Amino acid sequence: MEKNKPKALSSFSDEKRMAAVKKFKIIEPNLIGDISLKEISQTTEVSLRSLQRWKKAYEDYGLIGLITKERIDSGEIKISVEVEQLIRHHFLSKKHLSIKTVHRRVSKECNNKKWAAPSYQQVYRYINSMPTGLITLAHDGKKIYSEKHDLIYIRESERPNEIWQADHTLLDIHVLDEKEKVNRPWLTIILDDYSRSIAGFSLSFQTPTAIATALTLHQAIWKKGNANWPICGIPENFYTDHGSDFTSNHLEQVALDLRMNLIFSKIGVPRGRGKIERFFNTINLMLLEDLPGYTKHTNKGGLLTFQQLEEKLITFILDEYHHNIHSSINKPPIISWNSSGFLPNMPESLEQLDLLLLQVSKSRKVHADGIHFQGLRYINSNLAAFVGESVLIRYNPNDLAEIRVFFNHDYICTAISPEISDLTVDIKDITNARNKRKQSLKKDITIAETLKNMPKHQTSSRESSKNKNKLKRYFNE
């Protein structure tokens, strides 16, 4: 008994421990001296020999002594090591090989080698005792094994904006695009790991790109101008996968400038981003399933437009998702984000953020009527001073009503397109700016001509006078 005695009671199942307690309850009256084992045997129909054995086991080892011992060879498969290797070889070498086929091939080889062939039951039991991880690795390869069996560490944030997660998904819904054609949109989400709040999102029919990610990050970082959506600031860490849109040089430069760490999940193993995957599932179950065009519904009539889906999505996020109790944190995401009482780290200005995140176009020349870009014309009174110059413009592809203009890396102005913008530029402002520019240029020309027409001897006299004065001052000192 001593040799086979387990180290701890906790090593046994609940059922075995409960069975041991039941035995103890039977012999307990004898242990406290009230009733003899013979009397207990008569009332419980447990043999006296068994009761005596239970009592001794309890007195020697305590409750663990009352646990039913298994045979030493219990669970063992009595086949030789050589036969075991044959079974492993045949079963692991091919994915879809049945146990019956493995038994037939192993038996044939055993007969050829004059070994004792195993029974079908022995082969069956041996294969079922093999670790599932070993079978997965042999049949499906390292990638599938890693996804199913690798132990992963999921880090929990301790405060808002410590970690933001970003990812894309092709939504399970058909909507009408701008040409009224049926299409499925992509959703990009940036989620605060601590509160599970949504910091930013974007919808597009285009496959996600680096600029789309940058624009969503731009929205996430800057203040939304909506009291119901306070999530903003520069995250300490930005956690993404290895997609080209996340690993671009542009995003890397942005991260360095904002002092934001880029963290990438293991290639081909996105399980560390389970929180954002769960949000995508929430979108499906709580929003898209009730909308026309959901891909798992057969009826695709009366589809939403892109704008209608975008409106429903933002309403769902701000009015429902943010205010419903999240099972992982046991409170609504918006309450979790607000209750921390911290001040988010913000960029110095919107212009600085634009400079980092908005797309950089090729240089554009300032014409007399403004800047021409993508078939539109952009004007601002400040451009009057730069007619004929090459400038750099940055713009939001989702909003072409305005562009930001830079000259020699300095911000000049925000130019608007009167054709699509709600704003206008007053002709008086343009006229005044143009006149000021002319006056400034005329002044520069007058000074240049004055210097050019000045007699050489007068210039030399002045220079001599200056040198003479300098010598005098030096001499008198």
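The values are calculated or read from the model by the stated rules, or taken from the named source; none is laboratory data. Note that the structure is predicted; figures quoted are calculated from it, not measured. Here the Cβ positions follow ideal geometry from the backbone for every residue, glycine too, while neighbour counts run over all protein chains shown.
Considered as a group, the residues in the range 22-34 that are of a type in the set (A, V, I, L, M, F, W, C) and exposed (fewer than 15 other Cβ atoms within 10 Å of the Cβ) include one that is farthest from SER10 (Cα to Cα), and that residue is ILE32. Please determine whether any residue of the range 20-33 is part of a loop (DSSP other than H, G, I, E, B) and modelled with pLDDT under 90. Yes, the range 20-33 contains at least one residue that is part of a loop (DSSP other than H, G, I, E, B) and modelled with pLDDT under 90.
Each row is one residue, and each column tells you yes or no for (1) at pLDDT 95 or above; (2) more than 19 Å from ALA415 (Cβ to Cβ); (3) more than 23 Å from the chain's Cα centre (by Cα).
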| residue | (1), (2), (3) |
| --- | --- |
| ILE317 | yes, yes, no |
| ILE329 | no, yes, no |
| TRP337 | no, yes, no |
| LEU350 | no, no, yes |
| SER361 | no, no, yes |
| ALA368 | no, no, yes |
| HIS372 | no, no, yes |
| LEU376 | no, no, yes |
| ASN380 | no, no, yes |
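Could you list, in sequence order, all residues of the range 285-296 that are surrounded by 17 or more Cβ atoms within 10 Å (Cβ to Cβ) and polar (S, T, N, Q)? Result: no residue meets the conditions. Scanning the range 104-122 for residues that are within 23 Å of LEU137 (Cβ to Cβ) and not charged (D, E, K, R) turns up just one, VAL106. Step by step: first the residues of the range 200-244, then only those that are modelled with pLDDT of 90 or more and among the aromatic types (Phe, Trp, Tyr), then the one that is farthest from LEU262 (Cα to Cα). Which residue is that? Looking at the filtered set, the residue picked out is PHE205.
Taking the range 178-197 as the range and being assigned to a loop (DSSP other than H, G, I, E, B) and either free of Cβ contacts under 8 Å to residues at least 12 places away in the same chain or touching a Ser or Thr at 6+ places or on another chain (Cβ under 8 Å) (or both) as the test, the residues that pass are LYS179, GLU180, LYS181, ARG184, PRO185, ASP193, TYR194, SER195, ARG196, SER197.
Could we say that PRO185 is crowded, with 19+ Cβ neighbours inside 10 Å and within 17 Å of the chain's Cα centre (by Cα) here? Answer is no for this residue. Residues that are touching a helix residue (DSSP H, G or I) at 6+ places or on another chain (Cβ under 6 Å) and surrounded by fewer than 17 Cβ atoms within 10 Å (Cβ to Cβ) were ranked within the range 131-141; the one that is farthest from HIS96 (Cα to Cα) is GLY133.
Taken as a whole, the range 324-333 holds at least one residue that is crowded, with 17+ Cβ neighbours inside 10 Å, in the same structural domain as ASP172 (by TED's automatic domain parsing) and not in a helix (DSSP H, G or I).
Residue-wise test of (1) of a type in the set (Gly, Ala, Ser); (2) modelled with pLDDT under 85; (3) within 30 Å of ILE32 (Cβ to Cβ).
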residue: LEU66; (1), (2), (3): no, no, yes
residue: ASP73; (1), (2), (3): no, yes, no
residue: LEU97; (1), (2), (3): no, no, no
residue: PRO118; (1), (2), (3): no, no, no
residue: GLN121; (1), (2), (3): no, no, no
residue: ILE135; (1), (2), (3): no, no, no
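Is at least one residue of the range 148-166 basic (Lys, Arg), modelled with pLDDT under 90 and not in a loop (DSSP other than H, G, I, E, B)? Yes, because at least one residue in the range 148-166 is basic (Lys, Arg), modelled with pLDDT under 90 and not in a loop (DSSP other than H, G, I, E, B).
For first residues located in the range 112-138 and in contact (Cβ under 8 Å) with a residue 24 or more places away in the chain, partners that are surrounded by 16 or more Cβ atoms within 10 Å (Cβ to Cβ) and not in a helix (DSSP H, G or I) and lie 6+ apart or on another chain with Cβ distances below 6 Å form the pairs PRO118/ILE79; GLN122/ILE77; GLN122/ILE79; ARG125/ILE77; TYR126/ILE77. Pairs are defined by a Cβ separation below 7 Å, a sequence spacing of at least 6 or placement on different chains, a first member in the range 391-407 that is within 16 Å of THR213 (Cα to Cα), and a second member that is part of a loop (DSSP other than H, G, I, E, B) and not aliphatic (A, V, I, L, M); the pairs so defined are TYR395/SER361.
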